[in-house]
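The next block holds one structure in the form of structure tokens; read it before the comments.
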Amino acid sequence: MLPLVYHPNYSCPFPEQHRFVMSKFVRLHDYCRQQGLIGRNNLFQPQPASLTDLDIAHERFYLESLCDQTLDPRAWRRIGLPWSQGLIDRTLTAPNGTLLTARLALQHGMACHLAGGTHHAHRDFGSGFCLINDLAYCALTLLAQGDVEKVLIFDLDVHQGDGTAAILAHEPRAFTCSIHCEKNFPFRKSSSDLDIGLDQHLTDQPYLQTVEETLLRLLDEHQPDLVLYDAGADIWQGDELGHLDISWAGVQQRDELVLSHCLRRHIPLATVIGGGYDRDHARLARRHAIVVESAAHLYPQYLS
């Protein structure tokens, strides 16, 4: 079965009415189990990362101030989440979840993380509900340890991956691509290796054409050893913070084309769920599950 990565601390105690839906992780896990996507041997649990692990991507003083609650109040407001020990515990665990997912993908061809995509976190500050940048941390760790020589971060969250771009700006072995809604958060964007800013209310056909043409070009030009795919579910037309007009079927088509092109080329692919915002929390979990269901459907073709 398709390898999946999850930890029970991902959904920590959290204000129910907050814009960020902290319960989506356990809801996603439970939905995947109900759908038969979780078996006896395909669910993997990460260990928490140490500050020494994480300082490959972040400044040590920033990491320490997160953990001991000494971060400036204005900096906390920029993150947008209330401090709690539970939040810190999950924040230290989830980056290793993405790293574990990547290592499983390198071993098995594909793997999915039931969290991740915290791409607004910069080296020395957090932003937009993101404290630690799991994508940058994962890429830098794999490169430093010699597991890969080239990584493609293909970020299809509706919001630009500004933190990832900034942290990896001087790492030529990690290519960052962000396809996002241009007139949307963050309003001060970083420069990815490739940024494609989309018009608001873009519909399925031109969106999918842009995604496919871009991915094929990048796979051909860079021939990465690994693709880290941020499958942001916030491109959906009903997302509260999205501003694109992509149908539910369009989200599914996007994920299937990204996954299938990597599988056909035998390029290992690790997925993270990225952003998604919805007052209907169960519907949000189903939306995040699209990439997992698509991967579980396509994965046996890789094995055959």
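None of the figures in this text is laboratory data; all of them are computed from the coordinates on show. Given the structure is predicted, the values throughout are model-derived calculations rather than measurements. Here the Cβ is made from the backbone with ideal geometry for all residues, glycine too, and neighbour counts use every protein chain on show.
The table for this structure:
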read-out	value
Mean projected area in nm² (Cα convex hull; one quarter of hull surface) for segment 154-304	8.5
Cα centroid separation - segment 231-270 against segment 159-186, whole Å	17
Neighbour-count ranking [beta-carbon atoms within 10 angstrom, fewest first] of 112, 138, 262	262, 138, 112
Order of 22, 110, 1 - criterion: other Cβ atoms within 10 Å of each residue's Cβ, fewest first	1, 22, 110
Rg and Dmax [Cα atoms of segment 4-303; Å; Rg one decimal, Dmax integer]	17.3, 50
Pairwise FRET efficiency - residue 69 versus residue 147, Cβ, R0 = 35 Å, nearest 0.05	0.55
Within segment 2-105, GluC sites (Glu not before Pro) in DSSP loop having at most 11 other beta-carbon neighbours inside 10 Å	16
Trypsin sites (Lys or Arg not before Pro) within segment 9-47: DSSP coil, no more than 11 neighbouring Cβ in 10 Å	40
Potential extension, residue 18-residue 170 segment - 0.36 nm per residue separation minus Cα distance	51.2 nm
Rounded, prolate or oblate (a/c below 1.5 giving rounded, otherwise prolate when a/b exceeds b/c) for segment 1-108 by Cα gyration tensor	oblate
Average Cα contact separation per residue, segment 4-303, under 8 Å, 6 or more apart, as relative contact order %	19
Order of 261, 170 - criterion: other Cβ atoms within 10 Å of each residue's Cβ, fewest first	170, 261
